[in-house]
Amino acid sequence: MSSSTPINRRALFRMGAGIGLGLAAAPLLAACGDGGATAKAEAKSASLLPDTAVRNIGLEPDLAGTAAGVPQGFFKYPAQPLRATEGTPLKGAKPISATMETFSPPPPARGSNAAWQEIEKLLGGRVDITAVPADDYGTKFSTMVASDSLPDLFMYPESGGVDNKAAFLRAKCADLTPHLAGDAIKDYPNLAAIPKGAWQGAIFGGKLYGIPIARTGTGGAGVYRHDLFEEVGVTSLDQITDLDRFVELCKELTRPKKDQYAIIAGATTMLAMSAGAPSFWRLDEKTGKFTCDLETPEYRKAVETARLLYEAGCYYPGTLQMSGAQKAQYTDMFKNGKGAYVYDGMPTYLAPGVGYIASMKAIDKKYDPRPFVPVGKDAVAWMDNVALQNTHIKKASEDRVKEILALADFAASPFGSQEYTLINYGVEGTDFTRDAQGNPALTKKGTQDVTVPWKFMASAVPAIFSADSEQGVRHVHDAFTKMIPMMVPDPVLQYSSPTWDSKGSGSLGTLKADGLKDIIAGRKPMSAYDQLVKDYLAKGGEQARGEFEEAFQKGKK
């Protein structure tokens, strides 16, 4: 989903996956069973949201989390993982079928997969999982819907599956409202740790249908070289009081003779947050008026700033044009010392094997990469990484739905639990061993066994943990501690628009990204921004606005 930068934001948060899923929406509408009824705008009632709480199974984090969404931080993996579920939750249940996307090679089958066998032993039942490569998942989903062969539990495609999602869910999926809304979720304490913001995206047609694969609320604002910032006198990001100061700083950090530039790839998302611009839409709660991000003076200021930076030669040559598909290329340039700032999603900062601290320290010990936080008195954080997607349960009897929810609750077990350990590391001695610090280290067999996509059935907010760097855990926790309170409500999570659902991340996103590239790179004058806004609104933005405002008015009644 590209809102403010040529870099595909969704690609940065997909745990290393490629971008884009091929989707065939048309045949799905006929398969929904209601004749393809017109999708409607709606307000998502807060009464449908579960009562959420921080999950505590008895492990003491090194850095505390909050109910608002700041993740817990751990410097070391627990020596004795604790149970997060009780007994054998699937005992006596018929086998459950599940189809999930995966970003890894196909996992070994149950018969040769020690982790899979041990998980089913703990569950007390059989789970038949089909793991589909992410780039093929949209086609697989289309086939399942068209042939009416949905499994018991399935992941909805990340970039959309049907034009009329509410109708599809109503026709094919179990209504989870009586099971999860309000205090009903107390029967599933691991699911109850999923923040309310993630659950908003699971409401359609006045009912709660989905189970979120929760993430950290905000995807962050990129990564910067603290050591380089210190060289020019900036020891704290709080010293960057506004975007004008940031431009001055970037000019100081641009050193072409050293093949080093201030910015690698895009920075517009960070600049927009620093200016106080909204992500996609801003809602005036008093009047019900929706304003598109491109229409706001704050967003325009961010684009003007990006253009100034480009004119000043602060972008590494050629990187502005790079897309999310080239992420590995431009992040490697940053890791190799070619820049002072790169836009990347927070989830990759401590990622095993490709994280910033370990990989950059191996190149040069003085490199000090840290998460960037939006700067200036008007800065906000976007709710752009609330959930990877939702999973859904096929329509079934009440007892069957409860069984499948028990499986989802198992999959959402928190960091350090026995369940989490099996899902992420497998069986100790077979799939992983402990390093000198007591942290799990996957064996060759383990790297294969843990590719079964259990963690995409459901997930609470991931904990912050790194076997490589305690300081990195502190940096990430500190960034979230600052950014979570800065997050502004995203009205797209509270209200739905059929036009936005079908075009927001598709044709409108492409139109915006391409137009901004031309303006920032100077191929078109800044005056072309006004025409971009007109085109954006004419090709769906205005219609989406009307539907959002209609939904707001419905919600007031």
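The values are calculated or read from the model by the stated rules, or taken from the named source; none is laboratory data. In this text, all values refer to a predicted model and were calculated from it rather than measured experimentally. Every residue, glycine as well, gets a Cβ built from its backbone with ideal geometry; the counts of neighbours run over all protein chains shown. Surface areas here come from the heavy atoms of the whole protein model, side chains and all, with no ligands, DNA or RNA. Shrake-Rupley method; radii C 1.70, N 1.55, O 1.52, S 1.80 Å.
Okay, here's what the table says:
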{"item": "The chain - mean residue ellipticity at 222 nm from DSSP helices (-39,500 (n - 2.57) per run, n ≥ 4, rounded to 500)", "result": "-10000 deg cm²/dmol"}
{"item": "Proximal charge balance of LYS524 [Cβ under 15 Å; K/R count +1, D/E count -1]", "result": "0"}
{"item": "Partner lysines for LYS554 [C-alpha distance under 24 Å; skip if fewer than 8 residues away on the same chain]", "result": "LYS40, LYS44, LYS165, LYS196, LYS207, LYS286, LYS289, LYS503"}
{"item": "Spacing of the two label points (7 Å from each Cα toward its C-beta) at SER45 and LYS554, in nm", "result": "1.3 nm"}
{"item": "20 Å tail of the calculated P(r), the stretch 120-187, as % of Cα pairs", "result": "45 percent"}
{"item": "Cβ-Cβ FRET estimate between GLN321 and LYS196, R0 fixed at 35 Å, reported to 0.05", "result": "0.35"}
{"item": "In nm, spacing of pseudo-spin labels at ILE363 and ASP244 (7 Å Cα→C-beta vector)", "result": "3.4 nm"}
{"item": "Part-to-part distance (alpha-carbon centres) for the stretch 449-476 and the stretch 362-392, which is given in Å", "result": "15 Å"}
{"item": "Formal net charge of residues neighbouring ALA174 (Cβ-Cβ distance under 11 Å; K, R +1; D, E -1)", "result": "+4"}
{"item": "SER397/SER112 FRET efficiency (R0 45 Å; Cβ-Cβ; nearest 0.05)", "result": "0.85"}
{"item": "The chain - percent relative contact order, Cα under 8 Å, separation 6 or more", "result": "27 percent"}
{"item": "Solvent-accessible area per residue, Å², over the chain with all protein chains present [probe radius 1.4 Å]", "result": "39 Å²"}
{"item": "Part-to-part distance (alpha-carbon centres) for the stretch 416-432 and the stretch 109-166, which is given in Å", "result": "21 Å"}
{"item": "Inter-centroid distance (Cα atoms) of the stretch 208-234 relative to the stretch 51-69, Å", "result": "20 Å"}
{"item": "In Å, descending, principal axis extents of the Cα set of the stretch 147-261", "result": "61, 35, 22"}
